[in-house]
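Reviewing the structure listed below.
The values are calculated or read from the model by the stated rules, or taken from the named source; none is laboratory data. Keep in mind the model is a prediction, meaning the values are calculated, not measured. Reconstructed Cβ throughout: ideal geometry from the backbone, glycine too, with neighbour counts over all protein chains shown.
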Amino acid sequence: MRSTGAAHAARALSSAAVVVLLSLAFHLLAGGAAPEAATLTRLTAVCAAAALPLTRRPVRPASLLVLLAVAQVVLHLTFQTGAHHAAHGHGPPLPMVATHVLATVLTALVLRRGQALLRAGLARVVRSRRLTPRPLPVLPRTAVAVSRPVPPVAPATGAATGRAPPLPVRS
């Protein structure tokens with residue numbers, strides 16, 4: 001089954017979102033600052049454009065790791081520039097490098113296994129009874145007694161109580 005252009009675009013955009021968000025999360029964990037939302041939007045768009053040709057054919061794991069490592073370096077530098085911070089001096093500190101390496105590996109795993117997991121999860125939901133229409137239970141119709149408050153009995157004043165007009169009292 002061939003994929004449509006829209007499917008390739010959706011895969012590229014979702015892949016780009018995973019790359020940018022995981023990179024940002026690990027960048028923040030290492031003590032980096034977050035760039036502005038507009039910068040993140042532009043980065044996601046650029047990553048999606050770069051990922052679009054890669055969605056048309058399988059990418060070998062080694063190639064994927066190299067591409068993601070390059071993306072992590074570019075994203076780190078852009079995060080730092082977009083957050084209006086000075087450069088690190090002689091290079092990024094070890095915790096920042098380590099977290100971006102972890103982000104690269106995690107992103108590779110998500111991208112390699114994510115589509116299969118998503119398909120398996122969707123297939124499981126579709127097969128489950130949760131999406132199968134079920135008839136609503138029919139409740140038996142029974143008469144329900146409704147109690148009405150009984151008016152208090154008035155002391156006899158010579159007239160009978162009730163709904164009819166009062167009767168004359170005979171003495």
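What residue, among those in the stretch 59-91 that are modelled with pLDDT of 80 or more and outside any helix (DSSP H, G or I), is surrounded by the most Cβ atoms within 10 Å (Cβ to Cβ)?
Val59
Can you name every residue in the stretch 1-28 that is outside any helix (DSSP H, G or I) and among the charged types (D, E, K, R)?
Taking the stretch 1-28 first, the residues outside any helix (DSSP H, G or I) are 1-4.
Answer for the stretch 1-28, where residues must be outside any helix (DSSP H, G or I) and among the charged types (D, E, K, R): just Arg2.
Inside the stretch 29-58, can you point out the residues that are assigned to a helix (DSSP H, G or I) and in contact with a His (Cβ under 8 Å, 6 or more places away or on another chain)? So that I can check it myself, show each step before the final result.
Initial filter on the stretch 29-58 (assigned to a helix (DSSP H, G or I)): 29, 37-56.
Leu52, Thr55, Arg56 - these are the residues of the stretch 29-58 that are assigned to a helix (DSSP H, G or I) and in contact with a His (Cβ under 8 Å, 6 or more places away or on another chain).
Does Leu118 satisfy being assigned to a helix (DSSP H, G or I) and modelled with pLDDT under 75? Can you show your working first?
Values: assigned to a helix (DSSP H, G or I): yes; modelled with pLDDT under 75: yes.
It is true that Leu118 is assigned to a helix (DSSP H, G or I) and modelled with pLDDT under 75.
Identify, from the list Val144, Val110, Val126, the residue that is at pLDDT below 70 and under 21 Å from the mean Cα position of the chain (by Cα). Lay out the reasoning, then the answer.
Details: Val144 fails: under 21 Å from the mean Cα position of the chain (by Cα); Val110 fails: at pLDDT below 70.
Exactly one residue qualifies, and that residue is Val126.
Confirm whether Ala12 is crowded, with 18+ Cβ neighbours inside 10 Å and within 25 Å of the chain's Cα centre (by Cα).
Working: crowded, with 18+ Cβ neighbours inside 10 Å: yes; within 25 Å of the chain's Cα centre (by Cα): yes.
Taking the combined requirement at face value, the residue satisfies it.
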